[in-house]
Amino acid sequence: MTDAYARLADYLRRFYAPDEFPALLYQAESWASSRPLNGLRILDGTPVFRNTMAKYMALIAAGAELCVPPPSVMPGDPAVLAMLPEFGIRVADGKVGEFDMVLDCAGAHAGLRPRYGFAELTRSGVARFEGCSKPVFLADAGMIKMIETCLGTGESFFRALQSLGYGDVQGRELAVFGYGKVGRGLVYYALQRKMSVTVIDRADRSQEVPDGVRFVHAGNPECVRSAVEQAWCAVTATGVRHALEDVFRPGVPDGVLLANMGVEDEFGPSVPAERVLSAKRPLNFILEEPTSMCYIETTMALHNAGAVELLRPDCPAGVFAPAAQVEQELLDIVRSRGRLAADLQLLGC
């Protein structure tokens, strides 16, 4: 056990119970003996928050020489970033340097040329790897990502609203743009809080939304506009930059809260930043932990596992999804050691 690994483990015990991050603990314990990343220079662009330290712990246990860039595309916690050198983690300043692997987020470092390739955390980063000659392990393409994006992001949206004084949501109308993984989580938690919900999507999701949820096709501008005007809050989860530009081009309805839960500005330039909560940034990033540890740790473990997958001699060039057995190993640990067994059943994982 290295000194940095031991100190990180001690630090994390002050904030989290073992059943909140079983997959990362399992990785750290396993990799401390096998050292699969020994001596490899790794740039990890995961958004820097306190729970990200558990991800770093596993990589350091694996023998990686870890470097973390300052936040660029995604927000981060400056206080946590400032702590990293205390744990032997280099913080890049200026030119980030050369690396064996890049564990990226939103394709922020797609322009680098790592020796073995990339592991990308988000679907929004895929476009930046178009034509990449190196392997790109896409954590977002697996089942595990649903734990974070469906359950974790939905839960954190309502935590963020409460932190801003909007905790009383029962009986209010929520308009959700997009019914992918994030949108489904928003709807799930909204129904738990007895809200009235309308889903708006470009695809026909009328047979997919839960009973009691109204569906509006995004191709019907009059119905979309009406849904927004009747809502207490309209939240975006389309994953598409400026997706709602035409919806709000006639003007923003008075009295409707607007929130964005996507990486990009989904409202577009016709909506001033000051009109959207947190100035169009993903609303959960106003929180000390944008996604609670128990919901994000398995995704971070899968992202880490991508580093090991990149070492395979048959690793394909371009974007590829996690192998089923890689995800299954982590999901088995979460079921047996974690607190999310019932939630995994809900997702069908």
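Among the residues here, residue 171 does not qualify as within 23 Å of residue 298 (Cα to Cα) and of a type outside the set (Ser, Thr, Tyr). Within the range 172-204, being touching a Ser or Thr at 6+ places or on another chain (Cβ under 7 Å) and at positive phi holds for one residue alone: 178. Within the range 15-27, residues that are in contact (Cβ under 8 Å) with a residue 40 or more places away in the chain and under 16 Å from residue 329 (Cα atoms) sit with their Cβ atoms under 7 Å from residues that are buried (at least 24 other Cβ atoms within 10 Å of the Cβ) and of a type in the set (Asp, Glu), at 6+ positions apart or across chains, in these pairs: 21/297; 23/297; 24/297.
Of everything listed in (1) buried (at least 18 other Cβ atoms within 10 Å of the Cβ); (2) in contact with a strand residue (DSSP E or B) (Cβ under 7 Å, 6 or more places away or on another chain), the single unmet condition for residue 317 is (1).
Of the residues screened, residue 10 is not one that is farther than 26 Å from residue 140 by Cβ, out of contact with any helix residue (DSSP H, G or I) (no Cβ under 9 Å at 6 or more places or on another chain) and assigned to a loop (DSSP other than H, G, I, E, B).
The numbers here are math on the coordinates, done by the rules we state, and not lab data. Everything quoted here is computed from the prediction, not taken from an experiment. No Cβ is skipped: glycine too gets one built from the backbone with ideal geometry, and neighbour counts run over all protein chains shown.
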